[in-house]
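A.B. asks: Dropping the structure in here first, questions after.
The values are calculated or read from the model by the stated rules, or taken from the named source; none is laboratory data. Everything quoted here is computed from the prediction, not taken from an experiment. Using ideal geometry, Cβ is built from the backbone for each residue, glycine included, and neighbour counts are taken over all protein chains shown. Surface accessibility is based on the protein's heavy atoms, side chains included, excluding ligands, DNA and RNA. Shrake-Rupley method; radii C 1.70, N 1.55, O 1.52, S 1.80 Å.
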Amino acid sequence: MTAMILRVLERAPQWLRHDLESKDTSARRRAEETLAAMIADALAKGVAGISVD
């Protein structure tokens, strides 16, 4: 599961990385929600053939 999450982080677009560091609460929250959705999608799909069992 850790490897799967790391793959998601590696694919994260630059705007998302930037907004995660933002002092603007709404920008940071949007980035956090986007990242959470990306991770949830990867876990649901079993990216790279990694089982989440």
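A.B. asks: Take the residues of the stretch 6-15 that are more than 11 Å from Met38 (Cα to Cα) and of a type in the set (A, V, I, L, M, F, W, C): which is modelled with the highest pLDDT?
C.D. replies: So, considering only residues that are more than 11 Å from Met38 (Cα to Cα) and of a type in the set (A, V, I, L, M, F, W, C), the one modelled with the highest pLDDT is Trp15.
A.B. asks: Out of Ala27, Ala3, Ala42, report the one residue that is open to solvent by less than 70 Å² (accessible area, probe 1.4 Å) and modelled with pLDDT of 95 or more. Step through it out loud before you land on a result.
C.D. replies: Values: Ala3 fails: modelled with pLDDT of 95 or more; Ala42 fails: modelled with pLDDT of 95 or more.
Exactly one of Ala27, Ala3, Ala42 is open to solvent by less than 70 Å² (accessible area, probe 1.4 Å) and modelled with pLDDT of 95 or more, namely Ala27.
A.B. asks: While we're here: Specify the residue that is farthest from the chain's Cα centre (by Cα); the eligible residues are those in the stretch 6-19 that are open to solvent by less than 60 Å² (accessible area, probe 1.4 Å) and free of Cβ contacts under 8 Å to residues at least 24 places away in the same chain.
C.D. replies: Step one: of the stretch 6-19, the residues open to solvent by less than 60 Å² (accessible area, probe 1.4 Å) are 8, 12-13, 16, 19.
Next cut, free of Cβ contacts under 8 Å to residues at least 24 places away in the same chain only: 13, 16, 19.
On the way: Pro13: 10, Leu16: 9, Asp19: 12 Å.
So, considering only residues that are open to solvent by less than 60 Å² (accessible area, probe 1.4 Å) and free of Cβ contacts under 8 Å to residues at least 24 places away in the same chain, the one farthest from the chain's Cα centre (by Cα) is Asp19.
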